[in-house]
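Just below is one structure, and these are the notes that go with it.
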Amino acid sequence: MEREADSKRGGASPVAGGEGLTVGLGLRLGLAEELLGSSSSAATFLEICPENYVGVGGRRARVLASARERWPILCHGLCGDFAGLAPLNLELLGGIKGLLREVGAPWYSDHLCWTQVGGAELHELVAMPFTEASVRRAARRLREVAEVLEVPIAVENVSAYGHAVSPEMDEASFVRAVVEEAGCYLLLDVNNVYVNSVNFGFDARAYIDALPLERVIQLHVAGHDTEGEDMLLDTHAAAIVDPVYALLDYTLRRMPHSAPVLLERDGNFPPLAELEAELRRLAEIMEGARG
Ligand SMILES: [Fe+2]
């Protein structure tokens, strides 16, 4: 199923199934009616959060069925406690596995973070301590998840507003170490890199340079809100800002292969035309980077 990444920029994805996917949009109920009713879209795929669809009928099931008639579907988890400490939720993973097969998703991604502590659901994506012990634990768990799901899996770098004390490495090194030790892929959220670069005062481009870009199988971009001069909130409820477009361009030009780029919009939904304009700008950036 896997194949080697091409050595030149613009080569094929390291994982089969991503061919032909360029820019895509997160399928949200707040957007669904306008999107499904539109006659054309710049989106070449849609992404769903499977936890919202496993075992669910009614409107959600109808929305997904009608989306599948028109677009390939990628699956991105939100509350799988992907790198957490609690025992794996095999019931949830079994449901997700069924959904991945049903929609033909080529891979599965979730966040490199904790969503539970001590059995309690945090309803937050909590950044992990950047330590060797965390790397080993997360990698072991990610290998277990991949075994259960039987598809390639990818971890997403998360946005954060505070970190555990006494880190043994920086964030980019932590992400690289987990990906390499787990043998998994990376879903690179460029907006999260930008948000963290402001919140923690690091160089976003140096962070990108330190990542295993050859393992990136998908990218995310989104808008954020500004809480103060040096505090950004990763809300997915605003337009993408120019520095994030620029960071995406920088990233794509350094990647050895192409990978689909997803626009995440989770709230404060504008008219679809505004999101379509963002998608077209993203497609132009991808095209320029491939050239
Ligand atoms: Fe994301």
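Laid out as a table, the results:
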{"read-out": "Region 191-231 - residue that is more than 14 Å from the ligand (Cβ to nearest atom) and in contact (Cβ under 8 Å) with a residue 60 or more places away in the chain and, of those, farthest from the chain's Cα centre (by Cα)", "value": "MET231"}
{"read-out": "Filtered residue count, region 60-82, keeping only those that are more than 17 Å from LEU262 (Cα to Cα) and at pLDDT 95 or above", "value": "8"}
{"read-out": "Qualifying residue in region 160-172 (condition: within 16 Å of the ligand (Cβ to nearest atom), acidic (Asp, Glu), part of a helix (DSSP H, G or I) and farther than 21 Å from LEU74 by Cα)", "value": "yes"}
{"read-out": "Qualifying residue in region 280-289 (condition: closer than 23 Å to LEU78 by Cα and buried (at least 16 other Cβ atoms within 10 Å of the Cβ))", "value": "no"}
{"read-out": "Of residues in region 44-77 being over 16 Å from TRP107 (Cβ atoms) and either among the acidic types (Asp, Glu) or within 16 Å of the ligand (Cβ to nearest atom) (or both), the one surrounded by the fewest Cβ atoms within 10 Å (Cβ to Cβ)", "value": "GLU69"}
{"read-out": "Single residue of PRO106, PRO87 found to be surrounded by 20 or more Cβ atoms within 10 Å (Cβ to Cβ) and not in a helix (DSSP H, G or I)", "value": "PRO106"}
{"read-out": "Some residue of region 249-261 being over 18 Å from the mean Cα position of the chain (by Cα), more than 14 Å from the ligand (Cβ to nearest atom) and in a strand (DSSP E or B)", "value": "no"}
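The values are calculated or read from the model by the stated rules, or taken from the named source; none is laboratory data. Note that the structure is predicted; figures quoted are calculated from it, not measured. Cβ atoms come from the backbone with ideal geometry, glycine included; neighbour counts cover every protein chain shown.
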